[in-house]
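J.: Questions regarding the structure given below will be posed in turn.
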Amino acid sequence: MLTNRAERSTAATAASTGSTDADLDDFTAWLIQRGYRGPSIRRHLQGAREFVVWVRSNGADLQSLPLRDLHEFRDHLSRCGQLFSSKGSHSAYWLGARSFFAFRHGRS
């Protein structure tokens with residue numbers, strides 16, 4: 001059941017970003033391998049989706065995805081008041097973007 005929800009979330013993310021299902025499936029599997037589950041996976045997928053949309057809207061290429069893009073996204077979130085949650089922890093947007101970046105660059 002948990003996997004089915006993660007798969008539905010992955011499919012919804014793929015549809016909204018134009019990312020390939022394989023990329024998002026691999027990202028979901030990467031998160032699962034690192035111990036993420038259910039709601040946490042969905043939050044990371046939400047953040048990854050927002051990051052992908054932001055990268056594409058700025059004309060950047062997801063294939064190369066330089067560290068500069070991650071830093072600029074962080075700055076964008078900060079300017080919009082979305083870098084931190086109301087409780088003071090990093091937002092799902094930032095956590096998902098950072099995880100997606102690490103996934104794309106093969107970092108743990």
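The values are calculated or read from the model by the stated rules, or taken from the named source; none is laboratory data. Keep in mind it's a predicted model, so treat the numbers as computed, not measured. Virtual Cβ from ideal backbone geometry, glycine too; neighbours counted across all protein chains shown. Note: areas computed on protein heavy atoms with side chains; ligands, DNA, RNA excluded. Shrake-Rupley method; radii C 1.70, N 1.55, O 1.52, S 1.80 Å.
J.: For region 32-87, name all the residues that are of a type in the set (Asp, Glu) and farther than 12 Å from Phe101 by Cα. Break it down stepwise before answering.
T.: Narrowing region 32-87 to residues of a type in the set (Asp, Glu): 50, 61, 69, 72, 75.
Once the filter is applied, which keeps residues that are of a type in the set (Asp, Glu) and farther than 12 Å from Phe101 by Cα, region 32-87 yields Glu50, Asp61, Glu72, Asp75.
J.: Restricting attention to region 68-81, and to residues there that are part of a helix (DSSP H, G or I) and either closer than 24 Å to Ile32 by Cα or hydrophobic (A, V, I, L, M, F, W, C) (or both), which single residue is farthest from the chain's Cα centre (by Cα)? Break it down into steps so the answer makes sense when it comes.
T.: Kept after step one, since they are part of a helix (DSSP H, G or I), are these residues of region 68-81: 68-79.
Right, trim to either closer than 24 Å to Ile32 by Cα or hydrophobic (A, V, I, L, M, F, W, C) (or both) and you get 70, 73, 77.
Numbers: Leu70: 11, Phe73: 11, Leu77: 13 Å.
In this case the residue turns out to be Leu77.
J.: Also, I was wondering about something else. Of the residues that make up region 68-78, is at least one within 15 Å of Asp23 (Cα to Cα) and of a type outside the set (A, V, I, L, M, F, W, C)? Talk me through it step by step, then tell me what you get.
T.: As a first pass, look at region 68-78 and keep what is within 15 Å of Asp23 (Cα to Cα): none.
No.
J.: For the list (1) open to solvent by 60 Å² or more (accessible area, probe 1.4 Å); (2) out of contact with any Ser or Thr (no Cβ under 8 Å at 6 or more places or on another chain); (3) modelled with pLDDT under 95, I need the number of the one condition that Asp21 fails.
T.: Just one mismatch for Asp21, condition (2).
J.: Tell me, yes or no, whether region 50-61 has at least one residue that is closer than 18 Å to His105 by Cα, more than 15 Å from the chain's Cα centre (by Cα) and not aliphatic (A, V, I, L, M).
T.: The answer is yes; a qualifying residue exists.
J.: Please go through region 28-48 and pick out each residue that is assigned to a loop (DSSP other than H, G, I, E, B) and in contact with a Ser or Thr (Cβ under 9 Å, 6 or more places away or on another chain). Explain how you work it out, then say what you get.
T.: Just the residues of region 28-48 that are assigned to a loop (DSSP other than H, G, I, E, B), to begin with: 34-37.
Arg34, Tyr36 - these are the residues of region 28-48 that are assigned to a loop (DSSP other than H, G, I, E, B) and in contact with a Ser or Thr (Cβ under 9 Å, 6 or more places away or on another chain).
J.: Continuing with the same structure: Of (1) open to solvent by 80 Å² or more (accessible area, probe 1.4 Å); (2) closer than 16 Å to Leu24 by Cβ; (3) part of a loop (DSSP other than H, G, I, E, B), Leu65 satisfies all except one. Which?
T.: Condition not satisfied by Leu65: (1).
J.: Return the pairs, sorted by first residue and then second, in which the second residue is open to solvent by 70 Å² or more (accessible area, probe 1.4 Å) and in a loop (DSSP other than H, G, I, E, B), the first residue lies in region 31-45 and is within 19 Å of His105 (Cα to Cα), the beta carbons are less than 6 Å apart, and the residues are 6+ apart or on different chains.
T.: Filtered contacts from region 31-45: no entries.
J.: Let me ask something additional. Would you tally the residues in region 82-106 being part of a loop (DSSP other than H, G, I, E, B) and either open to solvent by less than 60 Å² (accessible area, probe 1.4 Å) or touching a residue at least 60 places away in the same chain (Cβ under 8 Å) (or both)? Walk me through how you get there before you give the answer.
T.: So the first thing to find is which residues in region 82-106 are part of a loop (DSSP other than H, G, I, E, B), and the list is 82-83, 85-89, 91, 105-106.
If we keep only those that are either open to solvent by less than 60 Å² (accessible area, probe 1.4 Å) or touching a residue at least 60 places away in the same chain (Cβ under 8 Å) (or both) as well, we get 83, 85, 88, 91.
Of the residues in region 82-106, 4 are part of a loop (DSSP other than H, G, I, E, B) and either open to solvent by less than 60 Å² (accessible area, probe 1.4 Å) or touching a residue at least 60 places away in the same chain (Cβ under 8 Å) (or both).
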